[in-house]
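Read-outs throughout are calculated quantities, based only on the coordinates presented, and are distinct from any laboratory measurement. None of these values were measured; they are calculated from a predicted model. Methodologically, a virtual Cβ is constructed for each residue, glycine included, from the backbone with ideal geometry; neighbour enumeration extends over all protein chains shown.
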Amino acid sequence: MTTAFTPTPSGAHVRAVHDPFHGDLLEISMGPHHPSTHGVFRMMVTLDGENVVKLKPVFGYLHRNHEKLGENTSYLGSMPYTDRLDYFCSMTNNWAYALAVEKLAGQPVPERAEYLRVILAELTRLLNHTCLAGFLLQDTGASGTPLMYAFREREKILDLFEALSGSRMMCNYQRFGGCRIDATPAWLAAVRGIVDGYGAFLDEYEELITGNEILLARTQNVGVLSPALAVSAGITGPMLRAAGVDYDLRKVDGYGLYPRFDFRVPLGAHGDTYDRYMVRMLEMRESIGILRQALAAIPDGPIMDPKAKIRGFRPKPGEAYGRIEGPKGEIGFYLISDGTPNPYRYRVRPPSLINLTVLEDLCLGHTLADAVIILGSIDIVLGEVDR
Amino acid sequence: METPEQIQARLAARFPAAAVTLVPNPAPAGMAALLVDAAHARQIAFFLREDPELKLDYCSNATGIDWPEKEIVETTRSTLADPAGGPPRTIEQKTKRIQPGYLEVVYHLYSMARKHGPVILRVRTGNRTDQVTLPSLTPVWRSCEFQEREIYDLFGITFEGHPDLRRLLMWDEFTGHPMRKDYVEPDDYEWEPTPHEEVLEKAKRHYAAPEKEGTP
């Protein structure tokens, strides 16, 4: 068999293109192994001088058909796979999946487990936003130091996850109708210690970074997202709230025990990259407040519903869509059961992928260096984008 | 928020030509979905977005489902009186029928302005082979852009009116739709033409057939 070998025209390249309107342009394939793309993400960028006139994201380098894997294993078997979606936030992924299955089967959750879920979700939010702040500074060119400060705090929270679940990042902790392992008083005390120290870390970090002149110059009025476009494009999470739309699922859906806690939803006024950074910093302060309230009120009791079925779990036919406010946005799971041990349809609603819908709109007219910061402020994880 | 039945009644009054039916969901606390015909899907979507009562301005989730054709066995029971005067006999008759397969797209709609939802919208294709075109709802909700590309990629539903319908996750040269239930994986995903074939061909020509032993 003879086949002519032709290198694919879409491979990594830099080439000159001619456009009758713009004149001579430069087309750059940025990624999939570019350090600023936060993983294996590729952007086909067309530049006029240094300004972006066209930007097409290319996906799929990390695609392993997660949804097909979910359809071919049991409900419980998919739980560890959800860790691998957004590997920064395995606890919230677990919770979203557990919530969808609990909705499908009508499964109640005991109070202590709900408290533990809130504590772990808010710790995940702290961890994710801290890292995002570090990565964003890295993208602006502040090489190393801010990221290392962020990673120092992240390690402390990962140590907590490891102490509780046995794994730093792939926690596989939630179960349908509760949690896997109970938290000891010593663990709760350790959480209290970290929560008490976190405010001081944020103060220090903000003092160093937030008012920094270079950061302000690089991020303010860069990548402005209008509220109307944000709503239409299904943007969720801190990115949506930075555009000034008040929509937080912890308030709107009131899932878990969130109606019991007193917290505010920070909103941005301009929708630019700086607002996206600032909303996350403010959200972390609110998360500390929620953690304090949850740690003070957590009751004793069982962590699994005694009637919950772990093995041989077969929900009755039907479908359910469960969604929670993950650190990156709304993470949802859509499940259809046909009465067998495996779901008939298993769908993940990935916030990172849908938040990338507006990447081109945000980058048009800005320089290539700004496009890197805008991508950093969207906060993506490729394990979830490509699934 | 209005119940799906109320929305269905209002849609029936507003679009008399459209076929809007309710698909029940037997799960606990499950919501019925609105099944609309493909011809009116975009009009209805615009109506749901603009209606001041509903204001469903946010499409959270769009996904495809594959329903292959299914053999359904129906059992009918009839009782026959015994002419000899004994107890009546029950006779079971089994009839088989083929339920045609189709592909389905599900949209989960919420309202950010009014903070309610969801309303579940379903659209179905005619079959799984040649009538797989549906109207794209990307002009209504921009968030469908990548999700419909993903459905096109993995399920093979073509969306009419989509601004940029290309494969999203699989590569452009890929054939087939992996999320279909009858998809068969190839033996080697990574096979691609390489220069080796040409080199081997050349080598064959270069080293002609070996001389037979024994010839002078």
Query raised in the report: Which value does Rg/Rh take for the stretch B:30-121 over its C-alpha atoms, Rh per Kirkwood?
Result: 1.34
Query - Rounded to 10°, Cα long-axis angle of helix B:41-50 versus longest principal axis of chain B - result: 60 degrees
Requested in this report: List the lysines whose Cα lies under 23 Å from the Cα of B:Lys204, skipping any in the same chain that are fewer than 8 positions away.
Outcome: B:Lys212
Report summary line: Quick P(r) readout (the stretch B:114-216; Cα-Cα; 10 Å bins; whole %) gives 11, 28, 21, 13, 10, 7, 5, 3, 1, 0
Query raised in the report: Along the charge dipole of the protein assembly as shown, which of A:Gly211, B:Tyr189, A:His33 sits closest to the positive end, that is, farthest toward it, with unit charges on the beta carbon of Lys, Arg, Asp and Glu (+1, +1, -1, -1)?
Result: B:Tyr189
Report task. Could you size up the charge dipole of the protein assembly as shown around its Cα centre, putting +1 on the beta carbon of Lys and Arg and -1 on that of Asp and Glu, and report it in debye to the nearest 20? Result -> 1860 debye
Report summary line: At 37 °C and 0.692 mPa s, the Stokes-Einstein diffusion coefficient in µm²/s for the stretch A:109-184, with hydrodynamic radius from the Kirkwood sum on alpha carbon pairs, is 243 µm²/s
**Report entry** For the stretch A:67-114, radius of gyration divided by Kirkwood radius, i.e. Rg to Rh on alpha-carbons
**Finding:** 0.99
Requested in this report: Round to the nearest 10 and give me the degree value, 0 to 90, for the angle of helix B:4-14's Cα axis relative to the longest principal axis of chain B.
Outcome: 90 degrees
Requested in this report: For every helix of n ≥ 4 consecutive DSSP H residues, a contribution of -39,500 (n - 2.57) applies; sum these over chain A, divide by its total residues, and give [θ] at 222 nm rounded to the nearest 500 deg cm²/dmol.
Outcome: -14000 deg cm²/dmol
Report summary line: The correct pair for the stretch A:14-58, radius of gyration to one decimal and Dmax as a whole number, both in Å and from Cα atoms, is 11.1, 34
Query raised in the report: When the C-alpha atoms of the stretch A:211-340 are aligned to their principal axes, what extent does each axis show, in angstrom, from largest down?
Result: 58, 38, 22
**Report entry** Radius of gyration, Dmax [chain B; alpha carbons; angstrom]
**Finding:** 27.6, 103
**Report entry** C-alpha long axis of helix B:196-206 to longest principal axis of chain B, angle in °
**Finding:** 30 degrees
Report summary line: Taking N as the residue count of the stretch A:66-386, its alpha carbon Rg divided by 2.2 N^0.38 Å gives 0.98
Query raised in the report: Rule-of-thumb check for the stretch B:76-144: C-alpha Rg over 2.2 N^0.38 Å?
Result: 2.23
Report summary line: For the stretch B:160-176, Karplus-derived ³J(HN,Hα) couplings (6.51, -1.76, 1.60; θ = phi - 60°; whole Hz; x for glycine and proline) come out as 7, x, 6, x, 8, 8, 10, 5, 9, 9, 7, 7, 4, 7, 5, 10, x
Query raised in the report: Can you give the Kirkwood hydrodynamic radius of the stretch A:58-210 from its Cα pairs, in Å with one decimal?
Result: 16.9 Å
Report task. For the stretch A:218-223, take each phi angle, set θ = phi - 60°, evaluate the Karplus expression 6.51 cos²θ - 1.76 cosθ + 1.60, and give the result in whole Hz per residue in order, putting x for glycine and proline. Result -> 7, 10, 6, 6, 10, x
Query - Alpha-carbon spread of the stretch A:175-264, three principal axes, descending order, Å - result: 47, 36, 23
Query raised in the report: Loop-only check: which trypsin sites (Lys or Arg not before Pro) in the stretch B:117-171 are DSSP coil with at most 14 other Cβ within 10 angstrom?
Result: B:Arg166
Report summary line: Rounded to one decimal in Å, the inverse mean reciprocal Cα-Cα distance for the protein assembly as shown, i.e. its Kirkwood radius, is 26.5 Å
**Report entry** Other-chain or far-sequence residues with amide H under 5 Å of B:His116's (modelled H)
**Finding:** B:Ser111
Report task. Pull out a ≥ b ≥ c, the square roots of the eigenvalues of the alpha-carbon gyration tensor of the stretch A:263-387, then state rounded if a/c is under 1.5, prolate if not and a/b is larger than b/c, and oblate in the remaining case. Result -> oblate
Query raised in the report: Cα-Cα over 22 Å: which of A:Lys103/A:Lys156; A:Lys328/B:Lys115; A:Lys103/A:Lys309; A:Lys307/A:Lys328; A:Lys68/B:Lys70; B:Lys70/B:Lys94?
Result: A:Lys103/A:Lys156; A:Lys307/A:Lys328
Report task. May I ask you to list the aspartates and glutamates whose Cα is less than 13 Å away from that of B:Lys55, ignoring any residue fewer than eight positions away on the same chain? Result -> B:Glu2
Requested in this report: Within the stretch B:114-216, list the GluC sites (Glu not before Pro) lying in a DSSP loop whose Cβ has at most 10 other Cβ atoms in a 10 Å radius.
Outcome: B:Glu173, B:Glu190, B:Glu211, B:Glu213
